[in-house]
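Worksheet for the structure shown next.
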Amino acid sequence: MGGNRGFKNLPGTLGEIGWANLQWPPTITQTISAINRTPNIYGQIWIEGVTSLPGPTSGLRAQLGFGPTGTKADSWQWLEAAFDSDQGNNDQFIGSLLPSAIGNFDYAYRYTTTNGRNWLYADLSGPATGTTLANPGNMSVIPSSDTTPPATPANLQVVSSSVANIALAWAAVTGDPTMYGYEVLRSSTSGGPYATIATTTNNAYTDSAVIANATYFYVVRAIDQSYNRSGLSNEVSGVAKVRKVNLTPLRSSSMHTSAVSGRSGHSTVEPG
Ligand SMILES: [Ca+2]
Ligand SMILES: [Ca+2]
């Protein structure tokens, strides 16, 4: 029944959206964290005779996005926002951000009634023309008190491969009291430049975004809860085809460090 609540969905247009915005807050100061998200960020939208009905609107989606200050919004990172509540005749959406770099950013909402084929961008002043926003939210991402990166991961290996994926594993990094996980980086050429393809809390990752028979080059780095990044591990290459691999045992890089330095007990942290 709720599926019949929709508005007239005109292909390729957003004409049915009467008004939309980034509702609140106008500014955010966020201490960088891999765990603690920003406060909730709200956006509202009005479609005549539709959003005033109780509850969410079928076929209406909203996303919350952010990018470096002054950049066009269609180049930003966007994530799906959830319906929050009815506010007067408007639908209100809710979301939060988890920025992974220090700096100054704009944020805003965008809305679609065509399942993402067209987006209406909206800032604190209301609907925007195009993707250049005059009045976005401003987010300052500041460093935390922890500025020491984890140790660099070692012994990165391709543990298996197929036409559909390449599986990687590496020695777990320990010794950073706020250790969080790893970033997996990939390049089509040895030595990079690498693009980050995943963040994981495991010391293993399976890359399924591969083309059969293509060759990929991987490195990993460790990150702590403040997104301090270690150096890059050794590079490995993988081909997306069936391959038999002989495993060599993985061992902890901090245990390795301790053994070399002759210490026992507490693990040590290598400077980045
Ligand atoms: Ca509603
Ligand atoms: Ca640290």
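ALA151 meets each of the listed conditions (1) farther than 22 Å from LEU98 by Cα; (2) hydrophobic (A, V, I, L, M, F, W, C); (3) touching a residue at least 60 places away in the same chain (Cβ under 8 Å); (4) assigned to a strand (DSSP E or B) apart from (4). When ILE45, ILE94, ILE41, ILE35 are screened for being in contact with a strand residue (DSSP E or B) (Cβ under 8 Å, 6 or more places away or on another chain) and within 16 Å of ligand 2 (Cβ to nearest atom), only ILE35 passes.
Can you say whether TRP170 is in contact with a Ser or Thr (Cβ under 8 Å, 6 or more places away or on another chain), crowded, with 20+ Cβ neighbours inside 10 Å and under 30 Å from GLN63 (Cα atoms), as far as the supplied structure shows?
Spelling it out, it is not the case that TRP170 is in contact with a Ser or Thr (Cβ under 8 Å, 6 or more places away or on another chain), crowded, with 20+ Cβ neighbours inside 10 Å and under 30 Å from GLN63 (Cα atoms).
Can PRO149 be described as at pLDDT 95 or above, in contact with a helix residue (DSSP H, G or I) (Cβ under 8 Å, 6 or more places away or on another chain) and of a type outside the set (Val, Ile, Thr)? Spelling it out, it is not the case that PRO149 is at pLDDT 95 or above, in contact with a helix residue (DSSP H, G or I) (Cβ under 8 Å, 6 or more places away or on another chain) and of a type outside the set (Val, Ile, Thr).
Number of residues in the stretch 121-137 that are of a type outside the set (A, V, I, L, M), within 16 Å of GLY18 (Cβ to Cβ) and not in a loop (DSSP other than H, G, I, E, B) equals 3. Screening GLY49, GLY43 for residues that are at positive phi and more than 17 Å from the chain's Cα centre (by Cα) leaves exactly one candidate, GLY49. Scanning the stretch 88-127 for residues that are free of Cβ contacts under 8 Å to residues at least 60 places away in the same chain, surrounded by fewer than 19 Cβ atoms within 10 Å (Cβ to Cβ) and farther than 21 Å from PRO143 by Cα, we see that the one that is farthest from ligand 1 (Cβ to nearest atom) is GLY116.
Checked against the criterion of being within 23 Å of the chain's Cα centre (by Cα) and at positive phi, the stretch 101-109 has at least one qualifying residue.
If you go through the stretch 208-223 and keep only what is buried (at least 20 other Cβ atoms within 10 Å of the Cβ), within 20 Å of the chain's Cα centre (by Cα) and either within 16 Å of ligand 1 (Cβ to nearest atom) or without any contact (Cβ under 8 Å) to a residue 60 or more places away in the chain (or both), you end up with just VAL210.
For the stretch 20-60, what are the residues that are more than 14 Å from ligand 1 (Cβ to nearest atom) and either assigned to a strand (DSSP E or B) or of a type in the set (D, E, K, R) (or both)? Show your work before the answer.
First, the residues of the stretch 20-60 that are more than 14 Å from ligand 1 (Cβ to nearest atom): 21-42.
Hits for the stretch 20-60 are ASN21, LEU22, GLN23, TRP24, THR27, ILE28, THR29, GLN30, THR31, ARG37, ILE41, TYR42.
Is it the case, given these coordinates, that PRO143 is modelled with pLDDT of 95 or more and surrounded by fewer than 20 Cβ atoms within 10 Å (Cβ to Cβ)? Yes, satisfied.
The values are calculated or read from the model by the stated rules, or taken from the named source; none is laboratory data. Just so it is clear, the model here is predicted, and its values are computed rather than measured. Methodologically, a virtual Cβ is constructed for each residue, glycine included, from the backbone with ideal geometry; neighbour enumeration extends over all protein chains shown.
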